[in-house]
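Worksheet: the structure to be examined is printed underneath.
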Amino acid sequence: MKIELINAKKWIDLFVEKLETNKVVLNELDTAIGDGDHGTNMNRGAEAISAAFAKKEPENLADLYKTTAFAMIQKVGGASGPLYGTAFLDMSKAVKTDNLELGDLIKVGTDGLKRRGESDYGMKTMIDVWQPVSEALSEDKFNQQVITDALVKSKELVATKGRASYLEEKSKGHIDPGSQSSAYLFESLLEVIGD
Amino acid sequence: MKYGIVIVSHSYDIAQGVKQLISQAAPDLSITTAGGTEDNGIGSSLEKIQKAVDDNTGDEILAFYDLGSSKMNLEMLMEMTDRKIHKYDVALVEGAYTAATLAQVDSPLETIENNLKALTIK
């Protein structure tokens, strides 16, 4: 399955909405195992995405993902800025000539996260959500359960990357805020493409 | 001069402070900083790093950073720019001071890097 410009735009618009609605939830998750500003940071990114779209409607997929990337890079401030930014920038480059299957597209983003964060699956980071979603999309098995399962699984992990890793065992039982905002991203996608 | 120094920090004041400190040891070097977010809050800004690199008059840049997103933003900029940037995973203050002192007296990169090795912390 591939996603075209109109639906991809809806996807990002829904993500923006969820980030704005859940600013407090993300801040609370981040207060438990981080510095408490993931919601505020992502909301700043969300506002920047909206503003960039309002200024200039994206003309194609590469443009849409690039605009999203730069809004995140310039406005988020925390580590999630360069992480989301790299994922979307890599996705933008990947669709420049040809659109990709969604599973492949999200894999490109996941690989970007791994490169930028020098991280991998199972370290209690965003990757724990991105990778299973990418795999499920490729196998045509993507649904809400995939996202929920990824979050639940990651919740029980001890963080070995990012600030939460300083907490060691204490990070167990908490949802990684970046994983939660990634869940919003993919729930938005699900709303657009359906089960 | 051959080398310039770029300081990337989550804090505007830390970046300024490190510059002030190492300028004493290296008065002739181009030292530029990217501290904090756009509005000088805590965080890091790719745009500021871009500007610090653009404004630096060294032929090549020795870059020092403090925490996670400073590093990630710096690496992102390195993928985008044509400037030659060497990034060091060392203690920010000690590393920048060591490099500045050596670059001031035109030490070769090999000497600078050998001295930085002992300060690797990340």
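The values are calculated or read from the model by the stated rules, or taken from the named source; none is laboratory data. Everything numeric in this text was worked out from a predicted model, so none of it was measured. All Cβ positions, glycine included, derive from the backbone under ideal geometry; neighbour counts span all protein chains shown. Remember, those area values only see protein heavy atoms, side chains included, never the ligands or the DNA or RNA. Shrake-Rupley method; radii C 1.70, N 1.55, O 1.52, S 1.80 Å.
Remark: for residue pairs A:Lys96/A:Lys155; A:Lys155/B:Lys48; A:Lys141/B:Lys87; B:Lys2/B:Lys117, the C-alpha separation exceeds 32 Å in A:Lys96/A:Lys155; A:Lys155/B:Lys48; A:Lys141/B:Lys87. If R0 is 30 Å, the Cβ-Cβ spacing of A:Glu187 and B:Gln50 corresponds to a FRET efficiency of close to 0.35. Among the GluC sites (Glu not before Pro) within the range B:13-122, those in coil by DSSP and having at most 15 neighbouring Cβ atoms inside 10 Å are B:Glu38. Placing unit charges on each Cβ (+1 for Lys and Arg, -1 for Asp and Glu) gives the protein assembly as shown a dipole about its Cα centre, and among B:Thr37, B:Tyr97, A:Tyr121 the Cα reaching farthest toward its positive end belongs to B:Tyr97. Buried accessible area between A and B (1.4 Å probe, both chains summed, ligands and nucleic acids excluded), in Å² to the nearest 100? Summed over both sides, the interface buries about 1200 Å².
Any idea how far the Cα center of the range B:5-36 sits from the one of the range A:151-195, in Å? Spelled out, the Cα-based centre of one part sits 36 Å from the other.
Tell me, Kirkwood radius of chain A from alpha-carbon pair distances, in Å?
Values: mean 1/r = 0.0613 Å⁻¹.
Mean inverse Cα-Cα distance, inverted, gives 16.3 Å.
Going through the range A:124-195, which chymotrypsin sites (Phe, Trp or Tyr not before Pro) have at most 15 other Cβ atoms within 10 Å and a DSSP loop state? Filter output for the range A:124-195: empty list.
What is the calculated FRET efficiency for A:Asp13 to B:Asn115, with r their C-beta to C-beta distance and R₀ = 41 Å, to the nearest 0.05?
On the way: r = 52 Å, r/R0 = 1.26.
So the FRET efficiency works out to roughly 0.20.
The simple spin-label model puts a point 7 Å past each Cα toward its Cβ; for A:Thr97 and A:Gln144 those points are separated by 4.1 nm.
Tell me which trypsin sites (Lys or Arg not before Pro) from the range A:1-71 have a DSSP coil assignment and no more than 10 other beta carbons within 10 Å of their own. Mind dumping the intermediate values first?
Working: sites: A:Lys2, A:Lys9, A:Lys10, A:Lys18, A:Lys23, A:Arg44, A:Lys55, A:Lys56, A:Lys66; in loops: A:Lys2, A:Lys56.
Here the sparse-neighbourhood loop sites are A:Lys56.
Between B:Ala25 and A:Leu167, the FRET efficiency estimated from the beta carbon spacing at R0 = 30 angstrom works out to 0.20. Considering only A:Phe88, A:Ile33, A:Ile73, the residue lying farthest towards the positive end of the dipole of the protein assembly as shown is A:Ile33, judged by Cα position with unit charges set on Cβ.
Mean-square fluctuations from a GNM of chain B, with a 10 angstrom spring cutoff on Cα atoms, peak among B:Asn56, B:Asn40, B:Asn73 at B:Asn40.
Can you compute the helix-only [θ] at 222 nm over chain A? Use -39500 (n - 2.57) per DSSP H run of at least 4 residues, normalise by all residues, nearest 500 deg cm²/dmol. Before the final figure, lay out the partial values.
Details: 9 runs with 133 residues, N = 195.
Counting only the DSSP helices, I get -22500 deg cm²/dmol.
Seen from B:Ile7, the other residues with C-beta closer than 14 Å to its C-beta sum to a net charge of +1, counting Lys and Arg as +1 and Asp and Glu as -1.
The equivalent ellipsoid that matches the C-alpha gyration tensor of chain B spans semi-axes of 20, 15, 14 angstrom, in descending order.
Please give the charge dipole size of the protein assembly as shown, origin at the Cα centre, charges +1 on K and R Cβ atoms and -1 on D and E Cβ atoms. Round to the nearest 20 debye. Present the calculation step by step, with values, prior to reporting the outcome.
On the way: 34 positive and 49 negative charges, 48 e Å.
Charge dipole, the protein assembly as shown, about its Cα centre: 240 debye, nearest 20.
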